[in-house]
Amino acid sequence: MKKKLSLALACTMAFSLLSFAPAAAEESAGMDELIEAAKAEGELTVYGSCEEEYLAAACQKFESTYDIKVSYQRLSTSEVYTKISEEAGNPSGDVWFGGTTDPYNEAVAADLLEPYEAINAVNLISEDYKDSTNCWYGIYKGILGFMVNSEELERLGLEAPKTWDDLIKEEYKDLIMLSNPNTAGTAKLVINTMVQMKGHDEAMEYFKALDANVSQYTKSGSGPSKMVGPGECVIGIGFLHDGIYQILQGYDNIELIVPEDGTSYEIGATAIFKGCEHPNAAKLWIEYALSPDCVDIAKENGSYQFLVISNATQPEEATAFGLDMNNTIDYDFEDAKNNIAQYVEDFFAALGDSADDRFKTE
């Protein structure tokens with residue numbers, strides 16, 4: 001009986017291997033052809049919305065791996081969206097790398113991104129981490145929260161905020177920094193999050209109240225995190241992995257807070273610009289970005305996001321802080337995609353005359 005069972009198992013395994021082999025071989029051949037076509041183009045231009053240290057390292061590794069000359073420029077997500085909108089159909093760049101997906105979704109809605117069915121998309125841990133039309137793919141996620149200077153709060157005799165509603169308390173006047181939604185996708189995520197948690201009208205009233213406590217709206221989403229440790233900002237709103245970076249730079253006075261009333265997370269993505277000059281090199285970049293070759297070097301270059309690639313290695317630096325990635329809302333990406341442009345207009349309309357030089361664009 002055991003011999004018959006062993007023989008049956010062996011036949012099943014052999015059949016499975018034979019069934020799998022043609023698909024694997026076909027994928028391998030497809031990658032080989034793509035690599036040769038990309039090398040023939042010889043160049044790639046990357047617009048990166050992650051931190052510049054990681055952007056530079058990712059581009060340099062791609063260049064050395066495939067012998068393709070890479071030019072790159074660090075721009076905020078909203079800056080990239082504005083740039084490719086103005087260049088519609090004839091972009092000066094080929095691919096977009098990093099940064100939260102709200103501006104990516106705006107670009108999808110405006111038909112500015114090129115769909116591509118990536119072979120390495122099988123590495124994603126969930127279908128949730130890609131655009132339904134294959135216009136962008138996720139590579140990491142980061143949780144939205146507060147970074148506070150614990151020394152300054154103690155000096156002022158204040159407790160750290162625990163919820164979004166805590167931020168509008170009068171005691172925090174001029175102590176808070178948030179990014180500018182005209183230049184940073186992080187701020188757009190904050191707007192979408194509040195709309196989805198509170199409803200549109202209540203969210204706009206909330207932002208009016210919060211504005212009274214905001215000392216500056218920074219150009220980039222990571223801007224507030226860089227101000228907390230030195231004490232230029234007491235409470236920064238942004239992605240907590242940016243706070244981890246600052247702590248590891250020596251600012252042990254920074255405390256990371258996941259809002260108790262819930263929050264959202266970004267999906268950091270990558271995409272191809274529609275009409276780009278080097279389409280094969282762009283496709284090869286997507287395959288590279290969806291592999292450990294690219295994402296595993298993030299932690300070596302100051303980026304500690306949670307990775308959404310199944311065969312990648314999660315950065316110990318992120319998990320060591322015990323951040324609760326589960327206290328998040330059921331974020332409606334479709335609503336964000338369809339309405340964020342209007343929500344940003346409504347945000348500035350709600351703030352009215354207070355939209356002044358606190359909104360940094362440089």
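The values are calculated or read from the model by the stated rules, or taken from the named source; none is laboratory data. Here the structure is a predicted model, which means the values were calculated and not measured. Virtual Cβ from ideal backbone geometry, glycine too; neighbours counted across all protein chains shown. Note: accessible area is taken over every heavy atom of the protein model, side chains too, but ligands, DNA and RNA are not part of it. Shrake-Rupley method; radii C 1.70, N 1.55, O 1.52, S 1.80 Å.
List of remarks:
- Those residues of the stretch 285-302 which are touching a strand residue (DSSP E or B) at 6+ places or on another chain (Cβ under 8 Å) and either under 19 Å from residue 222 (Cβ atoms) or touching a residue at least 24 places away in the same chain (Cβ under 8 Å) (or both), in sequence order: 285, 286, 289, 290, 291, 294, 295, 298
For (1) crowded, with 16+ Cβ neighbours inside 10 Å; (2) under 29 Å from residue 84 (Cα atoms), each residue gets a yes or a no:
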position	(1), (2)
274	yes, yes
278	yes, yes
286	yes, yes
292	no, yes
298	yes, yes
313	no, no
318	yes, no
336	yes, yes
343	yes, yes
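- Qualifying positions in the stretch 58-72 - of a type outside the set (Val, Ile, Thr) and either open to solvent by less than 20 Å² (accessible area, probe 1.4 Å) or without any contact (Cβ under 8 Å) to a residue 40 or more places away in the chain (or both): 58, 59, 60, 62, 63, 64, 67, 69, 71, 72
- A search for C-beta distances below 6 Å between a residue of the stretch 324-338 that is under 17 Å from residue 127 (Cβ atoms) and in a helix (DSSP H, G or I) and any residue that is of a type in the set (Asp, Glu) and open to solvent by 70 Å² or more (accessible area, probe 1.4 Å), counting only pairs 6+ apart in sequence or on different chains, returns nothing.
- Condition check for residue 121: within 27 Å of residue 315 (Cβ to Cβ) and in a loop (DSSP other than H, G, I, E, B): no
- Matching residues, the stretch 124-141, being assigned to a strand (DSSP E or B) and touching a residue at least 40 places away in the same chain (Cβ under 8 Å): 124, 136, 137, 138, 139, 140, 141
- Among the residues making up the stretch 96-153, those that are open to solvent by 20 Å² or more (accessible area, probe 1.4 Å), within 30 Å of residue 173 (Cβ to Cβ) and not polar (S, T, N, Q) are 151, 152.
- Tally, over the stretch 178-203, of residues that are at pLDDT 95 or above, outside any loop (DSSP other than H, G, I, E, B), open to solvent by 10 Å² or more (accessible area, probe 1.4 Å) and not acidic (Asp, Glu): 5
- Within the stretch 184-213, residues that are more than 22 Å from residue 106 (Cα to Cα) and touching a residue at least 12 places away in the same chain (Cβ under 8 Å) sit with their Cβ atoms under 6 Å from residues that are open to solvent by less than 30 Å² (accessible area, probe 1.4 Å) and not in a helix (DSSP H, G or I), at 6+ positions apart or across chains, in these pairs: 213/176.
- For the residues 48, 42, the requirement of being in contact with a helix residue (DSSP H, G or I) (Cβ under 9 Å, 6 or more places away or on another chain) and surrounded by 15 or more Cβ atoms within 10 Å (Cβ to Cβ) singles out 48.
- Considered as a group, the residues in the stretch 231-263 that are in a strand (DSSP E or B), more than 15 Å from the chain's Cα centre (by Cα) and not β-branched (Val, Ile, Thr) include one that is nearest to residue 188 (Cα to Cα), and that residue is 236.
- Looking only at residues of the stretch 220-230 that are outside any loop (DSSP other than H, G, I, E, B) and in contact (Cβ under 8 Å) with a residue 24 or more places away in the chain, we find that the one that is nearest to residue 77 (Cα to Cα) is 223.
- The listed residue being at pLDDT 95 or above, in contact with a Phe, Trp or Tyr (Cβ under 8 Å, 6 or more places away or on another chain) and among the β-branched types (Val, Ile, Thr), out of 108, 95, 122, 148: 95
- For the stretch 73-88, the criterion of being in contact with a helix residue (DSSP H, G or I) (Cβ under 7 Å, 6 or more places away or on another chain), under 23 Å from residue 288 (Cα atoms), in a strand (DSSP E or B) and open to solvent by 20 Å² or more (accessible area, probe 1.4 Å) is satisfied by at least one residue.
- In this structure, residue 163 qualifies as closer than 23 Å to residue 247 by Cα, among the polar types (S, T, N, Q) and touching a residue at least 12 places away in the same chain (Cβ under 8 Å).
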